[in-house]
Each structure stands twice: as structure tokens, then as C-alpha cells.
1. For the range 131-151, give me each residue that is farther than 19 Å from residue 95 by Cα and not small (Gly, Ala, Ser).
2. Are any residues in the range 104-137 touching a residue at least 12 places away in the same chain (Cβ under 8 Å), closer than 22 Å to residue 75 by Cα and of a type in the set (D, E, K, R), and if so, which ones?
3. When you scan the range 25-115 for helices (runs of 4 or more DSSP H) that lie fully inside it, which ones turn up with 3 or more residues that are under 21 Å from residue 136 (Cβ atoms)?
4. Have a look at 55, 60, 79 and point out the one that is charged (D, E, K, R), modelled with pLDDT of 95 or more and over 21 Å from residue 119 (Cα atoms).
5. I'd like the residue in the range 25-50 that is within 15 Å of residue 14 (Cα to Cα) and of a type in the set (S, T, N, Q) and, out of all such residues, is surrounded by the fewest Cβ atoms within 10 Å (Cβ to Cβ).
Amino acid sequence: MSEISYRKAKDSDAEGLIALIDKCYQEYEGCILDVDAEEPQLRAIASYFDEKNGEFWVAEKGGVLIGSIGYTLEGRDAEIKHLYVDGDIRRQGLASTLCNFVDEALENRAECTRIILWTDTRFTNAHRLYEKRGFVGGKETRTLNDLSNTTEYYYEKPLRHS
């Protein structure tokens, strides 16, 4: 049985990352992943996050991407993006481990005072994880007018630098 490994993403992870996110979307009725029209950054994920003053990590097992997370930094706000975990491996601490990469990276960025995120209203497991990790929100929404008819909740948490 192969172990889970974590690393910084590379642009060459595009195929595996798209497959992971597509698999996650398929768990929810009406969720459609159209990479070229709505998520083109997935084709060059490392370059995109570098340009956005952020970082992006992946988890893999047996050469297959099973998890991902990244953050962008604008002003004093970091925004979590693309937290996905393969449904076959959930509830084993993978999402928390991925979130820890973001927390640790932002600990060293004194200019950042809070983490924000938007999450699909259908992703209830993610909401519980965020709330357990100290995020507050889940009331303010925005509608994306995308192929999935997405409505998202807003969450945030302050950062306390040591």
C-alpha cells in the first residue's frame, strides 16, 4: 500500500488535478467542470498561483493526485482556493493536513491578517471542516452564474502571527 505524499504543485499536474476536481464535482448533482471556460488556471496551476503571490500543494498516492489546496494573497487577505480531496479517501485527515500547509505558509507572511474563502453551498462537508478550523461565515452568499449554477458561502478567519 503506497503512502500519501505532499508537495508543491507543478504545471505538469494539470491532468491529475483536473481529474481530481472533476471526480469531486461528479458527487454533486448539477456540478459541471468546464476547465477552458471557467477554470483555465487548472492547466498551469503552479504558474497561476505564483502570479497571484500564493502557493499550491497537492497530495498524491500511488502516482495519483488525491488532494489539493492553494492560496492567493492580495493586500492583507489570503484566499483559500481549490481544496479538494478524493471522495474515496475523505475523513482521514487529508483536508486538515492540506489546510495546515496554508496556515504554516501564512504564519510567515506578516502582511496577511486574515484568510477568506468562498465555498459552494452544496459542499457541506467542507463547511464543517472550515468551521472546525475557526472560520466564521456561511451566511453571506454570491452567485457565480456559471454552468453549475453555483451559489457560494463566504467564510473568514483572522490570523494571529506569533
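The values are calculated or read from the model by the stated rules, or taken from the named source; none is laboratory data. These numbers were taken from a predicted model, which means no experiment stands behind them. With ideal geometry, Cβ positions are generated from the backbone for all residues, glycine too; neighbour counts draw on all protein chains shown.
1. Passing the criteria: 139, 140, 141, 142, 143, 144, 145, 146, 147, 149, 150, 151.
2. Across the range 104-137, the qualifying residues are 107, 109, 111, 114.
3. Numbers: elements: 35-38, 45-51, 94-107.
Counting at least 3 such residues, we get 94-107.
4. Numbers: 55 fails: over 21 Å from residue 119 (Cα atoms); 79 fails: over 21 Å from residue 119 (Cα atoms).
Residue meeting the stated conditions: 60.
5. 47
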